[in-house]
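Following: one structure in structure tokens, then a few remarks.
The values are calculated or read from the model by the stated rules, or taken from the named source; none is laboratory data. It should be emphasised that the depicted structure is a prediction, and the values quoted were computed from it without experimental measurement. Don't worry about glycine lacking a Cβ; one is built from the backbone with ideal geometry, like all the others, and counts go over all protein chains shown. The area values use the complete protein model at the heavy-atom level, side chains included, leaving out ligands, DNA and RNA. Shrake-Rupley method; radii C 1.70, N 1.55, O 1.52, S 1.80 Å.
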Amino acid sequence: MNTARIRQRLPLVATLIVGLAASSRAQAQGSKADYERAADLTRKGANTVFRDRVQPHWVAGGTRFWYRVSTARDRHEFVWVDAEAATRSPAFDHERLAVALSGILKQELRAEALPLESVVLDDQREYLTCTVGGRRIRCNLQSWEVEETAEEATGEANLPLRARAPRASRSGDQETEIVFANRTGQSLRLFWRDFDRERRPYGAIGPGEERRQHTFAGHVWEVVDAQGNTLAVFVAESDRRRAIIPADAKPAPAVEEAVKPAPAAAPGKVSPDGRWSVELRDHNVYLRRLDPAEANTAEVALTSDGTAQDAYEAPLLWSPDSSKLLLLQVRAAQEHPVHLIESSPTDQVQPKLHTFDYLKPGDAVARSRPRLFDVATGKAVAIDEQLFANPWSIGDLRWDADSRRFTFLYNERGHQALRVVAVDAVSGSTSVLIDESAPTFIDYSSKLFYRPLDETHEILWMSERDGWNHLYLYDAVDGRLKNQVTQGAWVVRRVEHVDPQKREIWFYAGGVRPEQDPYHLHLCRVNFDGQELTVLTEADGNHEVTFSPDHRFFFDRWSRVDHPPVVELRRSLDGKLICELERADVQALLDTGWSFPERFVAPGRDGQTAIHGILVRPTNFNPTQSYPVVEQIYAGPHGAHVPKSFGLLAPQHALAELGFIVVQIDGMGTNWRSKAFHDVCWRNLADAGFADRIAWLKAAAEDRRWMDLSRVGIYGGSAGGQNALRALIDHHDFYKVAVADCGCHDNRMDKIWWNEQWMGYPIGPHYEASSNVVHAGKLEGKLLLVVGELDRNVDPASTMQVVRALQKADKDFDFVIVAGAGHGAAETPYGSRRRTDFLVRHLHGREPRWEPAAQNQLTP
């Protein structure tokens, strides 16, 4: 045997072995089996999380409550809590109640699954009234005597009835049930309003019939008569509740959602002293004297220059002494019609043209100016407009109690100046009480808090002037800063409650516990003078708080992406733990193969700033294999977007099942960190934090050899669609594949408020620098563009202009228009499948193996 020849062949054999191994791995990823597992995740994960929520039902006295909690599949229990005594116990003897109810109903009930609806417990737990099988029953919990009663279920026990759908359904993982009760004499149809507010039919409910419907907390259900009129709308809650459609239910007035109704004429408004009445009519202002003792009570026109394009508008604000009248004159914004063609309407063969008004950056916005009139003379008081010459908005008009001046909040176009302006009611001279300015932007859209305190002549104000979002206390008389209320290397996220009597502020903060994730929300309280800052929540997690009716107690539900929810009852005075109510049981979920996302933190582009993100693995994860990485991106500066609370994260897990490591990262330029962190986005939305994202991914892959950074894909929608395409324009040395859905690819083409907030005004070369259209010729890599032809959120022409630019540059790319779809077309079943297949095809290097029947369908 020629050993030399064998040695020469060894490298070739090794290469073949590696190649075969790689081929084996590729066939194990993106296969038909993977698609089937991904499609089955939602079903397998349904009803697998228990004891994760508490919806309290307080009884008289405000110190005791009961709740129903799921304990396992088709099992639940009722719990009684005495907050003062710090006790938690069964609300009643479930076994004895099951026996008692079984007797009167002539059917066997299980103690661990009592089908009680519309439950009412008295404060001493002597009597329980409930509905079972459509029968209203009252039970003595001492003697266990039961009787049928004619008592109606209380409003608290039933779901509130709404006139029309308030919104789209909200995505949630809390399973629940609604029992629809049709008390009318006609057959009714049931619809679910999906996440795009579209109706999904769910059958009929006959006259007098009841129907149980599985759903999720936050989902919206609409009941419609045979003529298509909406009779009732209900929003599901975490407890199983009854939804009663009363016998006298009337159709809700029809509202054309796409058309903004014309403003109604403002009714006459009487002065505080009752002597005058003012009315807005034909765009002008008319005054009438009401005192019959006066010689002249004829109507007087205070103005004559009002037109449809420059009209006087409400609010009509009388000074407290009735001597002055304040209102706004508003020059109308320009019209900017956007036209959409519905190619395939369901009610006709021919296409439809839809036109709506949609202001874009640089357009002329409505221009408001305060107008002041002296009632005795009927003359206008001239106001110096120098301090508010270029308004984005003017609002919060308020009179001082002594009628000597009024104030308003002025937001300057370009969002670099925000002022509280005071106007002298006699001279019309103006002064500044609070003058907020920034060389970049003032985040008015998410960090504006302006609270005048009339009782103490003070103002609470929010600002990032020291580099972090905090609260300040001002003297409302002279504009003097009295003190900074909160301070430190953390941010106030939102103000929950202000108590002027106790001089306390309740608010949520991020980063206030420095040892935790800075995005975790914690409830805090602080005095007006900045003293006695108390962090009322403590566990390492993201906190959701709800208060008892009198605010003496609060429920703290906290969790993390890698920690199931815990619900605690705490004392509002000092945050002291009264008792733990529930700790979620997720074992059934883990038994399906589902695993917690992994949290990971690494330095960003500067080598210092902590960048936070998560990684999601497939259920059949094998650390000896190599997996391509897919980033789900949304770098919108208005928020932070990596999940912080526990959830099933079904879309991320479903994508991971196809053999990917799915990641989400909050890079610089997103919200809720320092002002410097946020400012990266200013006039620079193309940045999208990519330098931080790439640094994070490289750091994560250092000790996770199964992350293959030679195969990195990225996808996103809306702002995320803009980001995904930009990855292949500016960072194609790292990102190889991108799916961009409904992207705002040129910020001059998108809605005015969002883009001018971050990109500024006036329009300058920085808009062009961030445009994907302008820079489309730099594209390298595999790109799929997706857009819905009826997108009203982001003008679909933004995507079409990218298409034209790519074609002009002779670039290869894939393009999908989803007929009839609106914003988020890649979230439709077809768009989602095309996105998934594209990632499989170009990151695994193989054709997808799926069957139509295996695709997920979006259902409650």
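For the chain, a/c is not less than 1.5, where a ≥ b ≥ c are the root eigenvalues of the C-alpha gyration tensor, and a/b does not top b/c. That puts it in the oblate class. Among the protein heavy atoms of the chain, carbon and sulfur supply 50% of the accessible surface, probe 1.4 Å, non-protein parts ignored.
Using a probe of 1.4 Å, the accessible surface attributed to M707 totals some 10 Å² when neighbouring protein chains are kept in position. Across segment 740-785, the fraction of Cα-Cα pairs farther apart than 18 Å, rounded to a whole number, is 32%. With a ≥ b ≥ c the root eigenvalues of the C-alpha gyration tensor of segment 714-855, is it rounded (a/c under 1.5), prolate (a/b larger than b/c) or oblate? Oblate. For segment 40-99, the percent of C-alpha pairs falling in each 10 Å distance bin, counted from 0 to the bin holding the largest distance, reads 20, 42, 26, 11, 2.
For segment 325-409, the per residue solvent-accessible surface stands at 51 Å², with DNA, RNA and ligands left out and a 1.4 Å probe. Accessible area per residue for segment 191-236, computed on protein heavy atoms with a 1.4 Å probe, is 40 Å².
Summing +1 for each Lys or Arg and -1 for each Asp or Glu among the other residues whose beta-carbon sits under 14 angstrom from that of G667 gives -2. Taking a ≥ b ≥ c as the square roots of the eigenvalues of the Cα gyration tensor, an a/c ratio of 1.5 or more together with a/b larger than b/c marks segment 312-466 as prolate. Sites listed here are GluC sites (Glu not before Pro) in segment 519-597 whose DSSP assignment is loop and whose Cβ has at most 11 other Cβ atoms within 10 Å: E532. Rounded to the nearest Hz, the phi-derived 3J(HN,Hα) couplings of segment 45-52 under the Karplus curve 6.51 cos²θ - 1.76 cosθ + 1.60 (θ = phi - 60°) are x, 5, 6, 10, 10, 10, 6, 10, where x marks glycine and proline.
The lysines within cross-link reach of K808, meaning a Cα-to-Cα straight distance under 19 Å and a gap of 8 or more places when in the same chain, are K778, K782. Looking at the chain alone, DSSP beta bridges between its own residues are antiparallel in about 85 percent of cases. Between the C-alpha center of segment 27-86 and that of segment 337-380 there is a gap of 45 Å.
In the chain, helices alone account for a calculated mean residue ellipticity at 222 nm of -4500 deg cm²/dmol, with every DSSP H run of four or more residues adding -39,500 (n - 2.57). Taking a straight line from the alpha carbon of K360, these lysines sit under 21 Å away, with near neighbours fewer than eight places off in the same chain left out: K260, K751.
On a per residue basis, segment 673-787 carries 29 Å² of accessible surface, using protein heavy atoms and a 1.4 Å probe.
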